[in-house]
Amino acid sequence: MPDAQPGRGETPGRREPIYMDYQATTPLDPRVLDAMLPHMRGRVGNPHSNTHSHGREAMRAVDDARIAIAALIGANAAEIVFTSGATESNNMLLRGAASAGARVGRRGIVSCVTEHHAVLDVVRRLAEEGSAVATLGVDGNGLLDPGSVLRAANSGTAIVSVMAANNEIGVLQPIAEIAAAAHAVGALFHTDAAQAVGRVPVDVRAQGIDAMSFTAHKMYGPMGIGAAYVAADARGRIDPLLYGGGQQGGLRSGTLPVALCVGFGEAARICAAEMDEDARRVAAMRDAFLEALSSAGVVFELNGAVSPRLPGNVNVSFPGVDAEALLMRAGRHLSISSGSACTAESLEPSHVVAALGGRPLRAEEAIRVSLGRMTTGEEVADAARIVARSVGRLRGVAYTPLED
Ligand SMILES: *Cc1c(COP(=O)(O)O)cnc(C)c1O
């Protein structure tokens, strides 16, 4: 379907930059906007006011969304807690498990060095507050060995938290095996699945996930809403972060934003229906991008395992080319990044690529190009030309022009 090419302007002869930063955020699918608009225009009703039809109608819309979101991940609707995004979900689930765990003598947290800062910084803070934290390393492909979780976890571990798909290098962790290692010592297993949900199949029961964070704006839904999945039998082991009116079973107080919930639900419905087709198409374009670079003679290193990996993720280092210089040069035509948007402001080399080992400069040379549902083959060819030209200028080499 997608008719929208985000960011491409109408002005003849002057094209807007190509958007290839789908791991920072995805465009809003026009079908999602259509579903949301009636709830933003003229409609009224607090979904938690059940004494009148306005409130009940609003709650019906929220419940429908919850069902669609639950269906996408193999959960029950009652196990979905709406939040403001994956950052809040991570904070709630990790802090909540640490505080509930401490009451029963479980003060340990096991996590991984390549996590998003929305996990790493929470875990660091919890360590300052008295948790016993183990942050595990990864292999040269960015993958965590479930055996290292077995060695680090013990009967004092409250929660093991390992992301499903990495936001920089796109690798998929063996989370079912890691969950089994957590369960072997009676710990909860949490996964930050902000990059995985909607892009690759996630099944909370089959994968043994007790708690999970995800967010609408990474799956073609609106910004400002996310979810925490909390398995029914894990509820008592996670304390709330926000207290107030007791909404959502007391786990997350606050009035639900109906239009955002509806948009999230519609985004989930579309992902469930189109994920396989999207993934195939996007992976083929990702491969075409790398082939175009290779056939132009551009030397690069792929960061992270080739497989299993998110379909739209490219993370490459160009030896001898500083990533910031490359982004400056290419950035007028192409919106890509040097890693996670959340650390981009600090211009620090990627902690994820650094964790892979290898050449010392590899992290400083790493760029992320991420494609998605609205990306076209023409954009991929243009993007490869822009990157090849920019790398060539910075290396003082003229790469063979690419064919169309
Ligand atoms: C984007 C992202 C987040 C933050 O999600 P928000 O909804 O923007 O708070 C957390 N973890 C990962 C892996 C992400 O990619």
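Please state the shape class of the stretch 207-321: rounded when a/c is under 1.5, otherwise prolate if a/b exceeds b/c and oblate if not, all from the C-alpha gyration tensor. Don't skip to the end; give the middle numbers.
On the way: a/c = 2.78, a/b = 2.26, b/c = 1.23.
Judged from the Cα gyration tensor, the stretch 207-321 comes out prolate (a/c at least 1.5, a/b above b/c).
Just want the answer: with Cβ charges of +1 for Lys and Arg and -1 for Asp and Glu, which residue in Ala118, Asn141, Ser155 is farthest toward the dipole's positive end in the stretch 1-155?
Checked the options; the winner is Ser155.
Report, by chain and number, residues whose modeled amide H sits under 5 Å from the one on Asp21, excluding near sequence neighbours (fewer than 5 apart, same chain).
Counting only residues 5 or more places away or on other chains, the set is Ser370.
Under a point-charge model restricted to the Cβ atoms of Lys and Arg (+1) and Asp and Glu (-1), what is the dipole moment magnitude of the stretch 152-288 relative to its Cα centre, in debye to the nearest 20? Before the final figure, lay out each step's value.
Working: 10 positive and 13 negative charges, 43 e Å.
Once rounded to the nearest 20, the dipole reads 200 debye.
Of Ala355, Val204, Ile336, which is farthest along the charge dipole of the chain in the positive direction, counting Lys and Arg as +1 and Asp and Glu as -1 at C-beta?
Sorting the options by dipole projection puts first Val204.
How much of the DSSP beta bridge set in the chain is antiparallel, as a percent to the nearest 5? Don't skip to the answer; put the middle values down first.
Numbers: 19 of 36 bridges.
Counting only bridges with both partners in the chain, antiparallel ones make up about 55 percent.
Based on Cβ point charges of +1 for Lys and Arg and -1 for Asp and Glu, what charge dipole magnitude is obtained for the chain about its Cα centre, in debye rounded to the nearest 20? Before the final figure, lay out each step's value.
Numbers: 37 positive and 43 negative charges, 125 e Å.
Using only the charged Cβ atoms, the result is roughly 600 debye.
Can you tell me the dipole magnitude for the stretch 1-157 around its Cα centre, using point charges on the Cβ only (Lys, Arg +1; Asp, Glu -1), in Debye to the nearest 20?
Numbers: 16 positive and 17 negative charges, 84 e Å.
Charge dipole, the stretch 1-157, about its Cα centre: 400 debye, nearest 20.
If you add up the charges near Lys218, with Lys and Arg at +1 and Asp and Glu at -1, over every other residue whose beta carbon is less than 12 angstrom from its beta carbon, what do you get? Write out the running numbers ahead of the final one.
Values: positive: Arg199, Arg373; negative: Asp21, Asp192.
In short, 0.
By its C-alpha gyration tensor, with a ≥ b ≥ c as the square roots of the eigenvalues, how is the stretch 199-261 shaped: rounded for a/c under 1.5, else prolate for a/b larger than b/c, else oblate?
Details: a/c = 2.77, a/b = 1.07, b/c = 2.60.
Verdict is oblate for the stretch 199-261.
Between Arg280 and Arg103, what is the FRET efficiency for a Förster distance of 51 Å, r being their Cβ-Cβ separation, to the nearest 0.05?
Working: r = 47 Å, r/R0 = 0.93.
It comes out at approximately 0.60.
Once the piece of chain linking Glu378 and Arg359 is laid out straight, how much longer is it, given 0.36 nm per residue of separation minus the C-alpha distance between them? Could the numbers behind the result be given before it?
Working: separation 19, 0.36 × 19 = 6.84 nm, distance 3.36 nm.
Result for the pair: 3.5 nm of gain on full extension.
Name the residue farthest towards the positive end of the dipole of the stretch 242-323 from the options Gly265, Gly249, Ala283, assuming +1 on Cβ of Lys and Arg, -1 on Cβ of Asp and Glu, about the Cα centre.
Gly249
Please list, in order along the stretch 351-359, the HN-Hα scalar couplings obtained from phi with the Karplus expression 6.51 cos²θ - 1.76 cosθ + 1.60 (θ = phi - 60°), rounded to whole Hz, x for Gly and Pro.
With coefficients 6.51, -1.76 and 1.60, one gets 6, 6, 5, 4, 5, 7, x, x, 4 Hz.
What 222 nm value per residue comes from the helices of the chain, counting each DSSP H run with n ≥ 4 as -39,500 (n - 2.57) and dividing by all residues, nearest 500 deg cm²/dmol?
Values: 11 runs with 153 residues, N = 404.
My calculation for the chain gives -12000 deg cm²/dmol from helical runs alone.
Quick one: accessible area per residue over the chain, 1.4 Å probe, rounded to a whole number of Å²?
Details: 16510 Å² over 404 residues.
Accessible surface, normalised per residue, equals 41 Å².
So for the chain, considering every pair of alpha-carbon atoms, how many percent are separated by more than 40 Å? Provide the component values of the computation, followed by the final result.
On the way: 14668 of 81406 pairs.
The calculated P(r) of the chain puts 18 percent of pairs beyond 40 Å.
Contact order normalised by length for the stretch 16-163, with contacts defined as Cα pairs under 8 Å and 6 or more residues apart; what percent is it?
Numbers: 146 pairs, mean separation 26.0, N = 148.
Relative contact order for the stretch 16-163 comes out at 18 percent.
Near the amide H of Ser111, under 5 Å away, which other amide H atoms are found, from residues 5 or more places off or on another chain, if H is placed in the peptide plane?
When sequence neighbours closer than 5 places are left aside, the close amide H contacts are Ala134, Thr135, Leu136, Ser161.
With θ taken as phi - 60° and the coefficients 6.51, -1.76 and 1.60, list the Karplus ³J(HN,Hα) couplings across the stretch 51-56 in order, rounded to whole Hz; mark glycine and proline as x.
In residue order, the calculated couplings are 8, 9, 5, 4, x, 5 Hz.
Please state the shape class of the stretch 111-247: rounded when a/c is under 1.5, otherwise prolate if a/b exceeds b/c and oblate if not, all from the C-alpha gyration tensor. Intermediate values should be presented prior to the final figure.
Numbers: a/c = 1.41, a/b = 1.09, b/c = 1.29.
Rounded is the answer for the stretch 111-247, as its axis ratio a/c remains below 1.5.
In whole percent, and with a 1.4 Å probe on the protein chains, what portion of the accessible area of the chain is carbon and sulfur?
Working: 8870 of 16510 Å².
Heavy-atom surface of the chain belonging to carbon and sulfur, 1.4 Å probe: 54 percent.
Quick one: compute the contact order of the chain, relative version, from alpha carbon pairs under 8 angstrom and 6+ residues apart, as a percent.
On the way: 842 pairs, mean separation 89.1, N = 404.
Rounded, it is 22 percent for the chain.
The values are calculated or read from the model by the stated rules, or taken from the named source; none is laboratory data. Just so it is clear, the model here is predicted, and its values are computed rather than measured. Note: ideal-geometry Cβ built from the backbone for every residue, glycine included; neighbour counts use all protein chains shown. The accessibility values were calculated without ligands, DNA or RNA, using every heavy atom of the protein model including side chains. Shrake-Rupley method; radii C 1.70, N 1.55, O 1.52, S 1.80 Å.
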